[in-house]
1. How about the stretch 442-462: which of its residues are among the hydrophobic types (A, V, I, L, M, F, W, C) and more than 22 Å from the chain's Cα centre (by Cα)?
2. Would you mind finding the one in LYS513, LYS460, LYS518, LYS476 that is at pLDDT 95 or above and touching a Phe, Trp or Tyr at 6+ places or on another chain (Cβ under 9 Å)?
3. Note down all Cβ pairs under 8 Å where the first residue falls in the stretch 376-388 and is more than 14 Å from VAL445 (Cα to Cα) and of a type in the set (Asp, Glu), the second is assigned to a loop (DSSP other than H, G, I, E, B) and open to solvent by 10 Å² or more (accessible area, probe 1.4 Å), and they're at least six residues apart or on different chains.
4. Looking only at the stretch 446-470, how many residues end up being out of contact with any strand residue (DSSP E or B) (no Cβ under 8 Å at 6 or more places or on another chain) and assigned to a loop (DSSP other than H, G, I, E, B)?
5. Please work out if VAL159 is surrounded by 24 or more Cβ atoms within 10 Å (Cβ to Cβ), in contact with a helix residue (DSSP H, G or I) (Cβ under 9 Å, 6 or more places away or on another chain), aliphatic (A, V, I, L, M) and at pLDDT 85 or above.
6. Consider ILE419 carefully, then state whether it is in contact with a helix residue (DSSP H, G or I) (Cβ under 6 Å, 6 or more places away or on another chain) and either open to solvent by less than 10 Å² (accessible area, probe 1.4 Å) or not aliphatic (A, V, I, L, M) (or both).
7. Taking ASP422 as the residue in question, decide whether it is touching a Phe, Trp or Tyr at 6+ places or on another chain (Cβ under 9 Å), over 24 Å from LEU291 (Cβ atoms), outside any helix (DSSP H, G or I) and not basic (Lys, Arg).
8. When GLY98 is evaluated against the numbered criteria (1) open to solvent by less than 30 Å² (accessible area, probe 1.4 Å); (2) modelled with pLDDT of 80 or more; (3) not aromatic (Phe, Trp, Tyr), which criterion, by number, is the only one it fails?
Amino acid sequence: MQRSRSVIKQGHTLIRPNITLCSRSLATAAAAVPSVAAKKRRQLVFDNRTPSLKDFLAQQYQSKEINRDLVRPDNIPYLTTHGPNWGAGRKFHIEVYGCQMNVNDTEILNAIMTESGYERTDRMEEADIIFLVTCAIRENAETRIWDRLKFLRHFRTKVNVDRPPLVGVLGCMAERLKAKMLEEDRLVDIVCGPDGYRSIPHLISLAKNEYHHGVANVMLSADETYADIMPMRLDNDNVSGWVSIMRGCNNMCSFCIVPFTRGNERSRPIDSIVDEVRYLSDQGVKEVTVLGQNVNSYRDTSESTYYQSQGNKGQELSNPGFKTIYKRKDGGRRFTELLDKISLINPEMRIRFTSPHPKDFPTDLLHLIASRPNLCNSIHMPIQSGSTSVLERMRRGYSREAYLRLVEEMRSIIPDVWISSDFIVGFCGETEAEHRDTVSLMEQVKYDMAFMFAYSMREKTHAHRRYIDDVPEADKARRLQEIVDTYHRCAAEKNQGLIRSRQLVLIDSERTKMKHGKETRISGRTDGGHKVFIAQDTVDESLGKGDFVEVQIDHVTSASLTGTLIGRSSISQFNR
């Protein structure tokens, strides 16, 4: 694999770092050499908010001259490349939690660590450092991480006492709870936010050699996209790949923590995205999903070597009735142009995208999806609530009626479109009538897939500052069960229409299962994202992961399909 040699650039992320030294007074800082005990208690934290040591000194000694010879500066992780000897073959283990963006972040981390001389292992017992890539979207996700950290403390202090590994917490939860994590005794050695992954080899060195009570880099960047790093895939046998095209979000929905944990929205240059998709195609990947917190608001203003902007193509919002909380910028290459370019790389490679916002579906984008067979007709359309009044409190920028008009337009332009969505029940102040609006909208749209959650308050968000989480937990649980039941009922009814239809399936798994009394060995997904199990007695033994096959659907549930193999196929052949 060819990867960029300039994985770590000096000054790219940690510009003017702010330093917090715990258990170390200014007088100690001015001492010639701190004691060993003080040294072991020290923490080093880089963030965007705390005053720097320089600022602190200036405040405390405005009228005094400081003898600079007595001030011992801290060793901070300057971002220079140390090459393959930096890790010296030490091993790291990664556990990934949360969204697909975290999986992509893990592949970036894998590239950075490998470039620095470390080796990845699937066995935690062999690891010199264990990374947890975390999610902060919901409270349950954070609870899982805390439980896992307590287990790892037991593993380090009671089980693997001779070779206790370092533990690093990365991602959104790291940025949100850095102080709490470092204060919990022997839980975490390294805390690193989503924009600080380049510095991780340096943080490891500092945690091992100097800051034994923890080191953190949670600085948010205005421009970091890791565009120059070619991610190293965690599973080379996977027929699917993921490409991050942007980071951060500007939407500031009142329930969402993402803008505070991943920063402002910024997009990768189109050339780097096209190169990565082409690389995955050359590696035999048959399906690519492009990723972003608000993926379809992509806007690239870089100087491309190959692709000039096509005027105003894809610049507008979805329809009248959609708005943004921030001022949209004009110009640049938009998401429609990007999908146009990457869909032409390999007509036999499927292209998907997630997670979009309903406001960013211009008509040009819908017509492009309808015209390109390898652009999947499955569209994720997170609505969150079916009530206009709740949507206003959520600051989503559209009404129930505007959303339904967009659904109607999608189905008129893309006749075979498959629509999925996200739902939150029990948001602040949600009444029973507002909940019924969500149920009725689900019955009207009849989603093909849905991700459904009970609301959990997140600190820093607009809702945390302005609203009260006043819906009783019992009501949240009941309402969640109601929309789960509604989804499964509607999806099962809709899927009945697929019986005896023929679907193009990309095989992505080879596991024997029993479905409807028949043994299945291979399974895969349709263009619409439905999971399809294929009867073993109809399967050619030569078929395997990465093959496109045509399947006749015989049985359906709300969640999966079972069918009979017709034969090998391809995207172009099936669409003819």
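The values are calculated or read from the model by the stated rules, or taken from the named source; none is laboratory data. What you are looking at is a predicted structure, and each value in this text was computed from that prediction instead of being measured. Ideal geometry is used to build each Cβ from the backbone, glycine not excepted, and the neighbour counts take in all protein chains shown. Side chains included, ligands, DNA and RNA excluded: accessible areas come from the protein's heavy atoms. Shrake-Rupley method; radii C 1.70, N 1.55, O 1.52, S 1.80 Å.
1. MET442, VAL445
2. After ruling out the rest, the residue left standing is LYS476.
3. none
4. 11
5. When the stated conditions are applied, VAL159 does not pass them.
6. no
7. no
8. (1)
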